[in-house]
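The values are calculated or read from the model by the stated rules, or taken from the named source; none is laboratory data. Given the structure is predicted, the values throughout are model-derived calculations rather than measurements. Reconstructed Cβ throughout: ideal geometry from the backbone, glycine too, with neighbour counts over all protein chains shown.
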Amino acid sequence: MNRVERRPARYKPYLWAVGTDLETLPIDELVGQRYRVVAPHIWLDTQPEARPSDPDTFPTEAKPYLRAHPHRLHVPGLYGVLERTGAPPILLLDNAPIHPQAGALLPELEAGLFSASPLRQANWLWQLWQLWGDLGELGLAWSVLVPSNLRVDGWRLRLLELLPNGELEPPTLADLAELWRSLLSPLHLAISEPLRAIVNRIDANDIDLSTLDLELNQILLRQAATVSTRIALAGATAQGPTQPRNEDACWPQGLQSETTGLQVAMVCDGVGGHDDGAIASQLAVQSLQIQLQALLAEAQNELRVLPPQIIIQQLEAVIRIVNELISFQNDNRGRVGRQRMGTTLVMAVVIPQRVQTEQGWERANEVYLAHVGDSRAYWITPDYCHPLTVDDDIAGREVMACRQSWPVAQERSDAGALTQALGTRSGEHLTPHIQRFVFDETGILLLCSDGLSDNYRIEDAWANYIGLIIKDIVTLDSAVASWIELANQKNGHDNTTVVLMQHKLLTPSAVPGDQGIPAGFGVESETVPPAGAKLYGESQPQEEFVPTPAASAPPRGVPRWILAVSGSVLLVGLLGWWWLANRSPDVPEPPTAPPVAPAP
């Protein structure tokens with residue numbers, strides 16, 4: 001979409017201020033006639049409707065926050081820069097680990113460990129390890145080694161600031177081991193004993209990165225296997241009140257229980273303004289279903305724990321097959337530029353892993369989240385709503401290139417134009433984003449097209465819906481209908497598609513003091529009853545998704561479920577050929593839109 005999104009008028013963000021001599025500012029002082037000091041380094045923007053200004057040139061200290069934009073799930077972003085005469089500028093950070101209502105810092109990791117379940121402890125340690133690798137590639141690994149910089153927000157690990165290596169030598173595994181050693185005392189024995197063994201092996205220089213990754217993953221999956229999860233899915237798509245046709249597609253449509261069909265959620269949004277966006281989105285959903293059925297059927301019989309990187313590689317291969325299928329149809333018909341059909345994708349795949357525990361073989365569910373374009377995913381509980389994806393759009397591209405801050409980039413007329421989508425270009429131009437999650441609490445994974453997510457509708461309304469679903473007051477398919485009705489009433493300018501994947505913990509791990517009750521079960525949320533992409537054509541290089549080192553060398557031999565992916569390619573090709581060859585040749589004209597430069 002090419003429109004400026006507006007936050008609700010009541011939205012006033014708390015910001016983390018980074019700079020010298022800020023501790024001396026009195027509480028309630030108004031800085032720059034705009035930012036009110038509510039605590040040391042915590043300021044409230046009293047004029048969020050006014051765009052923060054960008055400097056002509058960003059100071060060196062600001063650029064790490066811009067380059068780390070794809071990691072907003074864990075890392076704050078640059079909101080603005082206040083320049084001072086005779087003093088270093090002040091950086092204002094949004095998306096910082098500050099409670100959105102209380103305006104107070106969230107707890108430090110060490111404090112959170114004392115009351116966390118073993119699964120959550122292992123989850124935080126895994127996220128810390130992932131951040132070590134991701135930020136290390138940006139020269140920011142020191143950021144995860146300062147205990148006061150590590151904060152926890154429910155299941156999520158967050159950073160308060162980014163600390164560049166600067167003139168310091170990049171940290172080593174020994175530095176990371178020292179941090180882990182300081183965190184051993186609050187850990188449950190099931191976590192502390194294997195972690196202590198890892199630390200000892202690092203001290204002895206007796207472990208490499210691949211083995212370390214594998215052993216940390218084993219710690220996490222052993223704890224995940226102690227928790228039973230019931231998964232239910234529901235989805236629907238709607239044309240919208242102003243659109244001549246529906247170019248969205250999804251899986252599933254309607255309600256699906258755990259025992260029927262794929263544990264997969266998909267949302268595809270045909271690229272707006274391009275020919276045959278509806279065909280591209282439906283073809284993507286149908287071909288992904290075929291490939292994932294084969295992949296998951298074999299994965300369920302796999303006895304070995306497969307490292308995340310192996311699964312990520314296979315899911316990426318599946319996505320690339322779909323991209324090439326749509327791209328081939330475009331090439332075969334001589335389509336160029338805006339004539340090329342394409343679609344966004346956001347997809348959640350539940351991968352069951354068989355894990356050896358003290359009680360025998362148990363199942364651990366991992367969720368792999370893949371996205372291309374601007375269809376989004378959110379993890380929502382009665383306590384919070386966490387956006388899990390970052391759009392592939394011009395606004396994000398400008399931020400990562402250090403040309404504009406996020407608030408300023410969002411004001412561009414082309415801010416929402418896509419920088420990539422499935423099928424519009426060949427595979428060498430495609431960078432799917434794939435994340436692995438092990439959810440340690442009851443909650444809802446919401447996938448949607450931008451017909452719902454535009455104008456922060458989810459961030460503004462989530463509390464009115466999720467508590468009712470968690471408490472089984474509203475069924476999952478009724479909740480889907482309510483979200484679509486909200487989109488039609490409050491946005492109404494686009495097709496809308498919503499898929500909900502509910503994760504309900506049945507046997508939460510016991511925790512001293514809280515009996516293992518997931519966060520939010522004792523909290524009443526304010527609720528109300530349920531209601532009765534244009535593609536940017538430039539060839540600007542994208543920031544590559546570079547995964548951390550593989551957990552280990554791939555297992556000996558190739559698992560059968562991996563071979564199944566290759567076997568499905570022919571079937572997918574035949575499906576696409578048959579479906580496109582037999583479709584009606586009468587395709588509605590695309591809506592009028594400004595021309596887009598042809599793909600290179």
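Numbers for the structure displayed
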{"quantity": "Leading residue by the ranking (modelled with the lowest pLDDT) among those in the stretch 10-44 that are under 16 Å from His99 (Cα atoms) and hydroxyl-bearing (Ser, Thr, Tyr)", "calculated": "Tyr11"}
{"quantity": "Members of the stretch 313-343 found to be assigned to a helix (DSSP H, G or I), more than 12 Å from Leu288 (Cα to Cα) and not hydrophobic (A, V, I, L, M, F, W, C), listed by number", "calculated": "Gln313, Gln314, Glu324, Ser327, Gln329, Asn330, Asp331, Asn332, Gly337, Arg338, Gln339"}
{"quantity": "Subset of the stretch 105-139 that is touching a strand residue (DSSP E or B) at 6+ places or on another chain (Cβ under 7 Å) and in a loop (DSSP other than H, G, I, E, B) - its residue that is farthest from Glu215 (Cα to Cα)", "calculated": "Leu106"}
{"quantity": "Any hit, the stretch 113-131, residues being modelled with pLDDT of 95 or more, touching a helix residue (DSSP H, G or I) at 6+ places or on another chain (Cβ under 6 Å) and more than 21 Å from Arg196 (Cβ to Cβ)", "calculated": "yes"}
{"quantity": "Enumeration of residues in the stretch 38-64 that are aliphatic (A, V, I, L, M) and surrounded by 13 or more Cβ atoms within 10 Å (Cβ to Cβ)", "calculated": "Val38, Ala39, Ile42, Leu44, Ala62"}
{"quantity": "Residue in the stretch 228-251 that is of a type in the set (Val, Ile, Thr), closer than 27 Å to Leu303 by Cβ, touching a helix residue (DSSP H, G or I) at 6+ places or on another chain (Cβ under 9 Å) and buried (at least 20 other Cβ atoms within 10 Å of the Cβ) present", "calculated": "no"}
{"quantity": "Count - residues of the stretch 299-312 that are of a type outside the set (A, V, I, L, M), part of a helix (DSSP H, G or I) and within 21 Å of Leu262 (Cα to Cα)", "calculated": "1"}
{"quantity": "Of residues in the stretch 11-32 being β-branched (Val, Ile, Thr) and more than 10 Å from Leu92 (Cα to Cα), the one surrounded by the most Cβ atoms within 10 Å (Cβ to Cβ)", "calculated": "Val31"}
{"quantity": "Residues (at pLDDT 95 or above and closer than 29 Å to Gln218 by Cα) located in the stretch 262-287", "calculated": "Val264, Ala265, Met266"}
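Matching residues to (1) of a type in the set (D, E, K, R); (2) out of contact with any Asp or Glu (no Cβ under 9 Å at 6 or more places or on another chain):
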| position | (1), (2) |
| --- | --- |
| Glu61 | yes, yes |
| Pro64 | no, yes |
| Pro70 | no, no |
| Pro76 | no, no |
| Pro88 | no, no |
| Ala96 | no, no |
| Leu106 | no, no |
